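Colleague: Below is one structure. I have some questions about it.
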Amino acid sequence: MDTVEKRLQAVKFRIQTAARASGRDPREIVLVAVSKTFPPEAIRAAHDAGQRDFGESYAQEAIAKMEALRDLDLHWHFIGPLQSNKTRPVAERFDWVHSVDRIKVAERLSAQRPEGGGPLQVCVQVNLSGESTKSGVPLAGAKSLAHAVAALPHLALRGLMTLPEPTADEVRQRQRFGALAALLDELRDEGLAVDTLSMGMSDDLEAAIASGSTMVRVGTAIFGARPPATAALDR
Ligand SMILES: *Cc1c(COP(=O)(O)O)cnc(C)c1O
């Protein structure tokens with residue numbers, strides 16, 4: 001069996017186990033396979049094993065892969081940092097954007113979304129640790145950004161995303177993920193129709209699922225370690 005196929009099955013098994021452990025239906029959780037830095041052949045192998053959702057962090061790299069994989073029906077998720085002068089290819093080519101953290105970026109994505117393509121599905125990325133170097137809106141500004149994004153005509157606000165700094169401490173992992181889940185509940189109470197918590201990666205997907213994640217973004221556990229030269233750019 002292909003390595004990607006085996007790893008994909010192992011990740012799906014982890015998702016099922018984690019979901020059942022907290023009394024959840026595993027079908028509520030979408031697996032986004034993060035294929036950044038990996039070639040189109042790796043994506044094709046994952047597709048042939050049944051995977052449809054893929055996450056990419058760099059627009060130009062992603063578009064080259066989309067071109068190489070035109071024959072496949074895939075859902076593309078943009079998960080990387082987004083500068084407001086680089087939104088157009090993302091608005092035009094992706095199905096989802098998880099990393100909206102400023103109103104200016106959201107406004108441009110909405111304005112640049114092609115007619116007839118349907119709304120771009122978006123999550124507001126929240127910086128829970130308050131580190132200034134990280135992308136993501138600080139917790140204090142997250143609600144007002146979410147309401148502003150929800151009002152834009154060509155975006156569909158689906159929920160929240162977070163990319164916490166790594167820790168092996170599962171209690172801390174759950175605190176952060178729990179804070180994002182609580183914020184989603186507050187947005188619902190305020191009338192927003194949000195259903196998505198994009199949280200959990202290769203090393204912490206169990207804690208994320210225990211805290212209510214509906215989308216896990218998993219790279220390394222499916223495709224293997226990324227090359228060191230690009231790994232530095234990851235975060
Ligand atoms: C690279 C990346 C991931 C995947 O991380 P792994 O640890 O390889 O599973 C998930 N989310 C974002 C935003 C990323 O940049």
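The values are calculated or read from the model by the stated rules, or taken from the named source; none is laboratory data. Small disclaimer: the values here were computed from a predicted structure and weren't measured. Methodologically, a virtual Cβ is constructed for each residue, glycine included, from the backbone with ideal geometry; neighbour enumeration extends over all protein chains shown. All accessible areas refer to the heavy atoms of the entire protein, side chains included, with ligands and DNA or RNA removed. Shrake-Rupley method; radii C 1.70, N 1.55, O 1.52, S 1.80 Å.
Colleague: State whether the residues of the range 18-25 include one that is farther than 25 Å from D101 by Cβ, within 15 Å of the ligand (Cβ to nearest atom) and not charged (D, E, K, R). It would help to see each step written out before you state the result.
Modeller: Quick first cut of the range 18-25, residues farther than 25 Å from D101 by Cβ only: 18-25.
Filter once more, keeping what is within 15 Å of the ligand (Cβ to nearest atom): 18.
Imposing the further condition that a residue be not charged (D, E, K, R) reduces the set to 18.
Checked the range 18-25: at least one residue is farther than 25 Å from D101 by Cβ, within 15 Å of the ligand (Cβ to nearest atom) and not charged (D, E, K, R).
Colleague: So, in the range 21-66, of the ones that are of a type outside the set (D, E, K, R), open to solvent by 40 Å² or more (accessible area, probe 1.4 Å) and in a loop (DSSP other than H, G, I, E, B), which residue ends up farthest from T220 (Cα to Cα)? It would help to see each step written out before you state the result.
Modeller: Restricting attention to the range 21-66, the residues satisfying the condition of being of a type outside the set (D, E, K, R) are 21-23, 26, 29-35, 37-40, 42-43, 45-47, 49-51, 54-55, 57-60, 62-64, 66.
Checking the rest, the ones that are also open to solvent by 40 Å² or more (accessible area, probe 1.4 Å) come to 21-23, 30, 39, 50, 58, 60, 64.
Filter once more, keeping what is in a loop (DSSP other than H, G, I, E, B): 22-23, 39, 50, 58.
Working: S22: 24, G23: 27, P39: 14, G50: 18, Y58: 17 Å.
Among those residues, the one meeting the criterion is G23.
Colleague: When you look at V97, is it touching a residue at least 24 places away in the same chain (Cβ under 8 Å), open to solvent by less than 10 Å² (accessible area, probe 1.4 Å), within 16 Å of the ligand (Cβ to nearest atom) and in a strand (DSSP E or B), yes or no? Talk me through it step by step, then tell me what you get.
Modeller: Working: touching a residue at least 24 places away in the same chain (Cβ under 8 Å): yes; open to solvent by less than 10 Å² (accessible area, probe 1.4 Å): yes; within 16 Å of the ligand (Cβ to nearest atom): yes; in a strand (DSSP E or B): yes.
Considered against the rule, which asks whether it is touching a residue at least 24 places away in the same chain (Cβ under 8 Å), open to solvent by less than 10 Å² (accessible area, probe 1.4 Å), within 16 Å of the ligand (Cβ to nearest atom) and in a strand (DSSP E or B), V97 comes out as yes.
Colleague: Okay, moving on. Got a number for residues in the range 62-82 being within 16 Å of the ligand (Cβ to nearest atom) and within 17 Å of the chain's Cα centre (by Cα)? Steps first, please.
Modeller: So the first thing to find is which residues in the range 62-82 are within 16 Å of the ligand (Cβ to nearest atom), and the list is 62, 65, 75-82.
Among the residues that remain, those that are also within 17 Å of the chain's Cα centre (by Cα) are: 62, 75-82.
Qualifying residue count for the region: 9.
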